[in-house]
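The values are calculated or read from the model by the stated rules, or taken from the named source; none is laboratory data. Bear in mind that the values here come from a model prediction, so they are computed numbers and not experimental data. FYI the Cβ positions are ideal-geometry reconstructions off the backbone, even for glycines, and counts take in every protein chain you see. Side chains included, ligands, DNA and RNA excluded: accessible areas come from the protein's heavy atoms. Shrake-Rupley method; radii C 1.70, N 1.55, O 1.52, S 1.80 Å.
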Amino acid sequence: MPKYILKRAIMSLITAFLVATLTFFVMNMVPGGPFLSEKAVTPQAQAAMEAKYGLDKPLFQQYTTYMTGILKGDFGLSIKKRGRTVSQIIGTKFPVSAKVGGLALILAVCTGIPLGAVAAFNRGKFIDNLLVVLSTAGIAIPSFLSSTILIFIFTTKLKWLPSLGLKDAQSYIMPVVALALYPTFYMARLMRSSMLDVMGQDYMRTAKAKGVTTFKAIFKHALRNAILPVITYLGPLLAALMTGSFIIEKIFNIPGLGSEFVSSITSRDYPMIMGTTIFLAVFIIIMNLFVDIAYAIVDPRIKLK
């Protein structure tokens with residue numbers, strides 16, 4: 001296990017380096033610049049700002065300077081939010097997105113896995129057909145539409161929940177539910193399909209023939225093997241939820257990392273784009289590493305090489 005983790009850590013560093021390099025050069029290939037949106041900027045003022053942020057230097061020199069800074073833990077200053085570093089902005093915005101995303105993940109896991117298992121156990125029955133229809137609709141409906149429906153019902157009509165900001169516990173309910181809808185139903189379908197496949201295996205028939213109770217057969221034998229595809233999905237899902245959803249954060253006016261990332265792209269805040277992209281890439285890499293380790297914990301038959 002230590003050798004495997006070390007190997008994956010080295011591969012992760014290489015992947016993060018390639019992501020940073022690709023993002024840097026792609027962003028610099030985009031026409032325009034970060035100061036074109038400034039009002040009444042004279043050529044002298046623009047040249048001074050470019051010199052301040054090192055944008056007047058040759059592209060390769062900018063690249064080496066930036067990558068050297070990353071090795072020291074310095075992502076540079078934000079161009080649009082002057083006086084603030086990229087690390088400070090990420091440190092402020094990420095906890096907001098992580099809290100909402102973490103709650104959405106817990107809701108999705110605690111709801112999606114049982115729903116999929118129940119649907120598989122009742123294959124062909126009314127509850128199975130109902131869950132299949134609901135999960136298909138839940139996957140098909142985009143998050144902006146589900147968010148709008150939630151606001152219309154619980155804020156406009158019933159006036160039960162606030163729709164803007166994260167002022168109290170009630171204000172978390174709709175963003176968390178809206179963010180959890182898609183992964184909940186996707187996980188339910190994934191769990192149902194995997195559960196049906198496992199329930200048809202020979203060892204499940206043998207367990208039933210030996211008189212093992214249905215509850216024990218499902219939750220001790222079938223569930224442990226059927227959950228492996230769900231674990232695979234949890235890695236990138238956790239990274240996506242924890243780093244924020246631009247649509248959800250925009251609709252509910254949540255000051256998270258997702259909306260900050262998109263606004264940095266539209267304003268061509270190069271250091272912010274680079275820092276957020278690297279942060280997200282490293283987060284996904286770490287989550288995938290945890291997924292691989294979880295495989296060996298859930299199913300000892302899987303050998304890590």
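Mean separation of Cα pairs under 8 Å and 6 or more residues apart, divided by the residue count, gives the chain a relative contact order of 28 percent. Determine the gain in length on full extension of the stretch L71-R123; use 0.36 nm per residue of separation and subtract their C-alpha separation, reporting nm with one decimal. Stretched out fully, the L71 to R123 stretch lengthens by 13.3 nm. Relative contact order of segment 172-288: 25 percent, from C-alpha pairs under 8 Å at least 6 residues apart in sequence. Of the accessible area of the chain, computed with a 1.4 Å probe over protein heavy atoms only, carbon and sulfur atoms account for 70 percent. Restricting the trypsin sites (Lys or Arg not before Pro) of segment 131-205 to loop positions (DSSP other than H, G, I, E, B) with no more than 10 neighbouring Cβ atoms within 10 Å leaves K159, K167.
Here segment 50-117 and segment 118-145 have alpha carbon centers that stand 36 Å from each other. Highest GNM mean-square fluctuation among T276, T156, T21, for the chain modelled with Cα contacts below 10 Å: T156.
Rounded, prolate or oblate: which fits segment 218-294, taking a ≥ b ≥ c as square roots of the Cα gyration tensor eigenvalues, rounded meaning a/c under 1.5, else prolate when a/b beats b/c? Verdict is oblate for segment 218-294. Over the chain, accessible surface divided per residue gives 55 Å², non-protein components excluded, 1.4 Å probe.
So what does log10 I(q)/I(0) come out to for segment 188-260 at q = 0.15 Å⁻¹, using the Debye formula with one equal point on every Cα and no solvent? For the requested q values the scattering log ratios are -0.62. Helices in the chain that qualify as membrane-span-like (whole DSSP H runs, Cα extent of at least 27 Å along the helix axis, mean Kyte-Doolittle hydropathy of 1.6 or higher) are 270-298. Principal axis analysis of the Cα atoms in segment 141-247 yields extents of 56, 29, 25 Å, listed in decreasing size.
Both radii were evaluated on the Cα set of the chain; the Rg over Rh quotient, with Rh as the Kirkwood radius, amounts to 1.07.
Structure note, pairs K99/K167; K99/K159; K52/K93; K93/K159; K93/K250; K167/K250: Cα-Cα distances above 21 angstrom occur for K99/K159; K52/K93; K93/K159.
In a simple Cβ point-charge model (Lys, Arg +1; Asp, Glu -1; nothing else charged), the chain has a dipole of about 820 debye relative to its Cα centre.
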